[in-house]
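Just so it is clear, none of the values below were taken in a lab; they were calculated from the coordinates. For clarity, every value in this text was computed on a predicted model and none was experimentally measured. Don't worry about glycine lacking a Cβ; one is built from the backbone with ideal geometry, like all the others, and counts go over all protein chains shown.
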């Protein structure tokens, strides 16, 4: 099996085994007193040599390149709407706004009802020709009564009526005719004088 086909776990196990082999060789050389021909590469913390790490990194890169090449291209994420708000969230906001406006309108209408009633009552009050209301006429009548009461109180008491004169003699028909003729003549003169002034 090629090293490129190994999984990351297998690669780590292989690297650990290589490190153990190198350690065992060093221990054997120390026991037999022979010099080690080639010093092991500097090990990373945890017991892995630089050579082992390089092999693992190369194998992982090759493996991931194959994995990415075999996978289909991912579809681009759908563009989010401005603000990122869902339809449910917008519906809740719209419902809250409608409820708020309904409360405001109800408060305004309840406050405007007394004013409307007062205006209607003022408009429907009976008004006399000339623009005077019944209350105004009542005040004028009361003032006139009070004024006449003061005038009567200020006048001296009128003397008692004198005894009735004796009954007048009856006028004859000729006298009545003469009086009517004199009145007609007088009215004719007045009318003529008025027409002359015009």
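For a quick protection proxy, order the peptides 6-13, 185-192 by their average other-Cβ count within 10 Å, most packed first. Write down the numbers at each step before the final one.
Numbers: 6-13: 13.6, 185-192: 10.0.
Ranking the peptides 6-13, 185-192 by packing returns 6-13, 185-192.
Please order 49, 172, 133 by the number of other Cβ within 10 Å, starting at the fewest.
172, 133, 49
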